[in-house]
Amino acid sequence: DGLRAIAVLAVVLYHIDERLVPGGYVGVDIFFVISGYLITSILRREMEGGRFSFRDFYLRRIRRIAPAYFAVTIASLIAGIFLLTGPDLRVLAKSALWSAVAVPNIHFWLSLDTGYFADASNQIPLLHLWSLGVEEQYYFIWPALMLLGTRWVGIRGTTYLLAILTAWSFYYAQQKTASDPSFAYYMLPARAGEL
């Protein structure tokens, strides 16, 4: 929890003022590593003990994420009503809708203007939810992969598969950074190695 707090604090301070923690956005990468480690540890322990349940796993994720997610999204929409112009409010509402179905990263990858005259990232109210989208997509895929892996090749075999997937993800991220840097930044295949 202490490492998670440091990672989140680095990101928050970076967003307040880049000079406070130069490179603070790396906190997202650290958070992904911690989150992946914790989730994998929990899943492994439950699967080895024969206690794993998709229902229970997803209910725990919802209870942990949903309250803060909805509070931030609703507060942002209410503030947007008073602070934003019509076109900007529509953009905010659209990003809130994509976020509600766990794919804000896909929305920002597809629609974010990164051109010379684009808004600064600190002018996009729900942009920070992209990382939550990556993590939620990981939650949908990883438990099933682990369950299938442990049933087919056991824990040791699953560990080898994890190492291969991790190496592939890092390689893929490097390749996509050259051809589609936005995809490499926002999308799960390029971030999976961190998780």
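The values are calculated or read from the model by the stated rules, or taken from the named source; none is laboratory data. Every value quoted in this text rests on a predicted model; they were computed, and no experiment measured them. Cβ atoms come from the backbone with ideal geometry, glycine included; neighbour counts cover every protein chain shown. In case anyone asks, the SASA skips ligands and DNA or RNA and just uses the protein heavy atoms, side chains included. Shrake-Rupley method; radii C 1.70, N 1.55, O 1.52, S 1.80 Å.
For segment 7-41, residues that are among the acidic types (Asp, Glu) and open to solvent by less than 70 Å² (accessible area, probe 1.4 Å) total 2. Among the conditions (1) surrounded by 11 or more Cβ atoms within 10 Å (Cβ to Cβ); (2) free of Cβ contacts under 8 Å to residues at least 12 places away in the same chain, the only one that Gly50 does not satisfy is (1). Counting residues in segment 35-43 that are touching a helix residue (DSSP H, G or I) at 6+ places or on another chain (Cβ under 9 Å) and among the aromatic types (Phe, Trp, Tyr) gives zero. Among the residues making up segment 151-195, those that are under 27 Å from Glu46 (Cα atoms) and hydroxyl-bearing (Ser, Thr, Tyr) are Thr158, Thr159, Tyr160, Thr166, Ser169. Right, Ile164: open to solvent by 90 Å² or more (accessible area, probe 1.4 Å) and either in contact (Cβ under 8 Å) with a residue 40 or more places away in the chain or assigned to a helix (DSSP H, G or I) (or both) or not? Yes: the conditions hold for Ile164.
Of the numbered criteria (1) in a helix (DSSP H, G or I); (2) open to solvent by less than 60 Å² (accessible area, probe 1.4 Å); (3) within 22 Å of Val11 (Cα to Cα), the one Trp109 fails is (2). A Cβ distance below 8 Å, combined with a sequence gap of six or more or placement on separate chains, defines the contacts here; from segment 167-195, residues that are basic (Lys, Arg) reach residues that are open to solvent by 20 Å² or more (accessible area, probe 1.4 Å) and part of a helix (DSSP H, G or I) in the pairs Lys176/Phe183; Lys176/Pro189. Which residues, counting only those in segment 1-57, are under 19 Å from Leu188 (Cβ atoms) and of a type in the set (Ser, Thr, Tyr)? Once the filter is applied, which keeps residues that are under 19 Å from Leu188 (Cβ atoms) and of a type in the set (Ser, Thr, Tyr), segment 1-57 yields Tyr25, Ser35, Tyr37, Thr40. Is it fair to say Ala144 is within 25 Å of Trp98 (Cα to Cα) and crowded, with 17+ Cβ neighbours inside 10 Å? Here the answer is no, as Ala144 does not meet what is asked. Checked against (1) at pLDDT 90 or above; (2) farther than 24 Å from Ala71 by Cα, Gln137 passes all but condition (2). In this structure, Ala79 qualifies as surrounded by 11 or more Cβ atoms within 10 Å (Cβ to Cβ), in contact with a Pro (Cβ under 9 Å, 6 or more places away or on another chain), farther than 21 Å from Leu162 by Cβ and among the aliphatic types (A, V, I, L, M). Would you confirm whether any residue within segment 147-154 is surrounded by 12 or more Cβ atoms within 10 Å (Cβ to Cβ) and in contact (Cβ under 8 Å) with a residue 60 or more places away in the chain? Yes, some residue in segment 147-154 is surrounded by 12 or more Cβ atoms within 10 Å (Cβ to Cβ) and in contact (Cβ under 8 Å) with a residue 60 or more places away in the chain.
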